[in-house]
Amino acid sequence: MDKDTWEYLSYVVTVIGLPFGILVFIYEQWKERESEEEEVYQLLSDNYQDFLKVALENPDLRLFAAEQTPHLTDEQRERMFITFTMLISLFERAYLLLYEEHMPAKKLRRWRSWEDYMREWCQRADFRALLPVLLRGEDPEFVSYLTQMNQNELQQQRETKN
C-alpha cells in the first residue's frame with residue numbers, strides 16, 4: 001500500500017471509527033450505570049424483606065394491624081420502637097439512593113414501589129403515632145416527604161370514614 005492509501009484509511013478511521021468508539025463507550029457507561037442502579041434497588045428490596053422477617057418474628061406487636069395495638073408492655077413498646085426505627089432507617093436510605101425530583105420512567109417505577117411501602121406503613125396507627133419521634137435527626141428532605149405522605153394518608157382515611 002502506498003502513502004495515499006494509508007492516509008485515506010486514517011481519515012476513515014478518524015471519521016467513522018472514532019465517533020463509533022465514543023458511542024460504544026457512552027453506551028457501555030450507560031449500561032454500567034443501569035446495572036448499578038438495579039443492584040442498589042435489589043439490595044434495598046432485600047433489606048426490606050429482611051425487615052419483614054423481623055416484623056413477622058414479633059406477632060405479639062401486631063405490626064401489620066391498621067389499628068393501634070392495645071395494652072403493650074414496656075418491653076413490647078421498646079421492640080416496636082426499635083422495629084419502626086429500623087424501618088425508618090430503611091425508608092430514608094431508599095429515599096436518599098432512589099428518589100429524584102424528576103425521574104425517568106424506569107427510576108420512577110422503582111421509586112413508586114418504595115412509596116407504596118411507605119404509604120402502607122403510614123396507614124398503621126402505631127407507626128403514625130411514633131412517626132414524629134422516629135423522624136428526629138433524619139434527613140430534612142426525607143422528613144418533609146414522609147410527613148407530607150403521612151398527612152395525605154390521614155386525610156384519605158378521614159374522607160373514607162365520612
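The values are calculated or read from the model by the stated rules, or taken from the named source; none is laboratory data. None of the values given here were measured: they were computed from a predicted structure. In this analysis, Cβ positions are derived from the backbone assuming ideal geometry, glycine residues included, and neighbour counts consider all displayed protein chains.
Please give the helices (runs of 4 or more DSSP H) falling wholly within the range 67-162 in which 3 or more residues are touching a residue at least 60 places away in the same chain (Cβ under 8 Å) and under 16 Å from the mean Cα position of the chain (by Cα). If you could, list the steps in order and put the result at the bottom.
Numbers: elements: 74-98, 105-122, 125-134, 140-161.
Helices (runs of 4 or more DSSP H) meeting the threshold: 105-122.
Condition test on TYR41, is it of a type in the set (Phe, Trp, Tyr), assigned to a helix (DSSP H, G or I), surrounded by 10 or more Cβ atoms within 10 Å (Cβ to Cβ) and modelled with pLDDT of 75 or more?
Working: of a type in the set (Phe, Trp, Tyr): yes; assigned to a helix (DSSP H, G or I): yes; surrounded by 10 or more Cβ atoms within 10 Å (Cβ to Cβ): yes; modelled with pLDDT of 75 or more: yes.
It is true that TYR41 is of a type in the set (Phe, Trp, Tyr), assigned to a helix (DSSP H, G or I), surrounded by 10 or more Cβ atoms within 10 Å (Cβ to Cβ) and modelled with pLDDT of 75 or more.
Mind checking whether some residue in the range 74-92 is among the hydrophobic types (A, V, I, L, M, F, W, C) and modelled with pLDDT under 95? Quick ask: steps written out before the conclusion?
Keep residues of the range 74-92 that are among the hydrophobic types (A, V, I, L, M, F, W, C), which gives 80-82, 84, 86-88, 90-91.
Okay, now just the ones that are also modelled with pLDDT under 95, so none.
Checked the range 74-92: no residue is among the hydrophobic types (A, V, I, L, M, F, W, C) and modelled with pLDDT under 95.
Of the residues ARG128, ARG110, which single one is among the basic types (Lys, Arg), in contact with a helix residue (DSSP H, G or I) (Cβ under 8 Å, 6 or more places away or on another chain), surrounded by 15 or more Cβ atoms within 10 Å (Cβ to Cβ) and within 24 Å of ALA65 (Cα to Cα)? Spell out how you get there, then give the answer.
Working: ARG110 fails: within 24 Å of ALA65 (Cα to Cα).
Answer to the selection: ARG128.
Could you go through the range 33-45 and let me know if any residue there is without any contact (Cβ under 8 Å) to a residue 24 or more places away in the chain and within 20 Å of LEU134 (Cα to Cα).
no
What are the residues in the range 44-66 that are under 21 Å from the mean Cα position of the chain (by Cα) and part of a helix (DSSP H, G or I), if any?
Selection gives LEU44, SER45, ASP46, ASN47, TYR48, GLN49, ASP50, PHE51, LEU52, LYS53, VAL54, ALA55.
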